[in-house]
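The next block holds one structure in the form of structure tokens; read it before the comments.
The values are calculated or read from the model by the stated rules, or taken from the named source; none is laboratory data. Worth saying up front: this structure is predicted, and the values here are computed from it rather than measured. Methodologically, a virtual Cβ is constructed for each residue, glycine included, from the backbone with ideal geometry; neighbour enumeration extends over all protein chains shown.
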């Protein structure tokens with residue numbers, strides 16, 4: 001054990017013990033070099049025998065290497081690993097909060113079903129990310145004690161034992177973080193059983209105890225057992241479990257059936273993939289959203305979403321306009337605007353998001369008699385702009401200055417007025433650097449725009465794209481050392497993909513012609529929209545440097561644009577509409593897995609919807625839409641497409657969003 005205030009590695013000062021057990025302990029510490037709070041896991045092998053010592057050291061090093069290769073908001077990040085005085089240390093992200101086990105103990109019984117559903121959906125996302133790795137990562141120890149409910153993200157005060165929040169409300173959902181990778185393993189398809197038999201009784205499936213090899217269905221069992229514990233208040237102790245309905249009759253039959261399916265003793269009778277489990281859980285949340293708020297369900301999309309015409313019409317190449325609001329429809333009349341306002345107010349009231357105040361109106365012929373008073377109409381208080389409670393980070397965006405042009409502003413999502421970044425009336429498409437120190441923009445008059453970069457502490461912009469070439473849509477490399485953008489030397493030439501090294505301004509041309517919007521994942525993959533070979537519609541392509549680009553969507557009758565990688569890099573958001581420029585008003589937002597599977601439509605109804613961007617914690621998507629009028633406004637929704645809400649309301653057009661930490 002290490003002592004309070006002890007300084008290790010001349011860098012980490014120990015604050016207090018967070019917990020201990022077995023041959024390890026976890027401490028709260030201060031990283032004095034980077035001035036941040038961290039968690040340090042220690043393993044002390046001095047007390048163990050030679051064989052045990054080797055096994056413990058191997059497990060600990062395995063956890064360090066595995067965590068270092070992962071990047072997901074539902075996982076703790078690793079920052080350092082070292083050995084000192086026969087002890088090994090793992091320096092990790094500190095996640096303040098309570099474990100699900102702590103919550104169960106404080107509650108003294110089952111947790112709220114809506115809260116459990118939100119937890120289940122987030123854990124499905126984490127497991128889906130792990131299982132999509134190659135080789136697969138099997139967690140093998142999912143249980144309430146290994147799930148942290150992070151503080152400071154919509155958790156309210158239910159951590160003290162009050163009822164958990166409803167994830168369908170406007171209160172942001174809590175963040176669930178999977179911790180303790182001590183017995184996770186990489187799946188090896190050539191093995192028939194696990195070498196090491198280890199796990200937690202009640203949560204580990206039968207095959208984890210010498211009856212077969214653990215695979216993704218084993219994690220599904222553990223998740224089901226965890227849900228059983230949360231919904232019943234009882235630790236699962238038998239296989240199969242006693243029916244949930246007999247333990248807690250208040251659990252909905254649909255959710256009870258899902259848990260029973262996930263915890264089947266035979267792996268062949270369980271959900272075979274975590275995505276199958278997620279879809280069934282999501283069906284429950286969508287049905288409840290419709291019943292409660294009248295929201296339309298999220299549709300599962302396919303390439304057959306729009307039927308192609310009997311005879312394909314001749315189409316012209318579709319180029320993305322520099323501003324999605326350049327062609328504005330005729331301004332609505334004042335009566336139409338009033339009707340739109342009332343409809344918007346009714347929509348907001350359906351989500352419980354505003355307070356109501358009354359005003360008194362007199363009739364044209366004078367005051368009504370006291371015996372028959374006129375009805376007192378109500379109006380909503382003016383909605384607060386740029387308010388998304390609990391959402392992290394900040395959004396940079398372009399905003400119309402009327403006939404003057406466009407500028408870039410930054411909004412903090414706490415309801416405060418956005419701060420201008422530029423005042424040249426010629427700046428658009430901002431992009432945050434991953435190291436959080438710089439901002440890139442497209443700047444200049446139409447036809448001669450370039451890419452400019454400035455440090456956040458000075459905002460003195462300097463051009464980094466070649467002089468004399470038009471450039472637009474900057475995006476940063478994961479190491480913040482390069483910027484990709486679309487460029488062309490002449491207006492008659494197609495846009496091409498270029499990458500500039502910021503250290504020496506060396507520019508490399510790559511990819512293909514007809515490139516539009518670009519996104520660069522943390523794993524190094526470039527996604528961009530471009531004209532498909534031999535066709536006139538745009539598809540989404542993925543390019544890993546050194547390899548030829550691959551068409552991720554390959555949909556001849558659908559126009560796709562605005563790709564945006566999720567922070568974890570395992571999903572891509574984008575927009576789609578029937579092929580042809582005349583159909584851009586029908587744009588909807590989709591997500592797709594990095595391998596091109598599980599294409600899902602998130603928005604529906606009047607549009608267009610465009611330019612989706614992910615929140616840093618991957619729980620939200622912000623986007624632009626014209627749902628309530630002719631102006632482009634910013635909307636936000638949960639990453640699964642639920643609870644969409646408008647967060648800007650004035651009459652200035654916004655465009656080209658960038659969500660940074």
List the number of the failed condition for residue 520; all other conditions in (1) farther than 27 Å from residue 557 by Cα; (2) at pLDDT 95 or above hold. (1)
Checking 524, 580, 607 in turn, the sole residue that is under 26 Å from residue 283 (Cβ atoms), outside the structural domain of residue 132 (by TED's automatic domain parsing) and more than 16 Å from the chain's Cα centre (by Cα) turns out to be 607
Which ones in region 482-504 are part of a loop (DSSP other than H, G, I, E, B) and in contact (Cβ under 8 Å) with a residue 12 or more places away in the chain? 489, 491, 494, 495, 502, 503
Could you grab me the full set of residues in region 616-632 that are more than 27 Å from residue 275 (Cα to Cα) and in contact with a strand residue (DSSP E or B) (Cβ under 6 Å, 6 or more places away or on another chain)? 624, 625, 632
Identify, by number, the condition in (1) modelled with pLDDT of 80 or more; (2) assigned to a helix (DSSP H, G or I) that residue 42 doesn't meet. (2)
Test: residue 595 is assigned to a loop (DSSP other than H, G, I, E, B), at pLDDT 90 or above and either within 14 Å of the chain's Cα centre (by Cα) or in the same structural domain as residue 572 (by TED's automatic domain parsing) (or both): yes
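Listed here are the residues, each with its yes/no results for (1) at pLDDT below 60; (2) assigned to a helix (DSSP H, G or I); (3) within 22 Å of residue 148 (Cα to Cα); (4) outside the structural domain of residue 600 (by TED's automatic domain parsing).
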{"residue": "235", "(1), (2), (3), (4)": "no, no, yes, yes"}
{"residue": "250", "(1), (2), (3), (4)": "no, no, no, yes"}
{"residue": "304", "(1), (2), (3), (4)": "yes, no, no, yes"}
{"residue": "309", "(1), (2), (3), (4)": "yes, no, no, yes"}
Considering each residue of region 544-587, count those that are crowded, with 22+ Cβ neighbours inside 10 Å, out of contact with any helix residue (DSSP H, G or I) (no Cβ under 8 Å at 6 or more places or on another chain) and not in a loop (DSSP other than H, G, I, E, B), and give that number. 13
Inside region 452-474, can you point out the residues that are surrounded by 24 or more Cβ atoms within 10 Å (Cβ to Cβ) and assigned to a strand (DSSP E or B)? 471, 472, 473, 474
Give just the number: which of (1) within 17 Å of residue 477 (Cβ to Cβ); (2) without any contact (Cβ under 8 Å) to a residue 24 or more places away in the chain; (3) surrounded by 19 or more Cβ atoms within 10 Å (Cβ to Cβ) does residue 521 not satisfy? (2)
Go through region 76-106 and give me each residue that's assigned to a strand (DSSP E or B), touching a helix residue (DSSP H, G or I) at 6+ places or on another chain (Cβ under 8 Å) and closer than 19 Å to residue 126 by Cα. 78, 92, 97, 98, 99
Go over the candidates 449, 436 one by one and state the one that is within 30 Å of residue 548 (Cα to Cα) and either touching a strand residue (DSSP E or B) at 6+ places or on another chain (Cβ under 8 Å) or surrounded by fewer than 16 Cβ atoms within 10 Å (Cβ to Cβ) (or both). 449
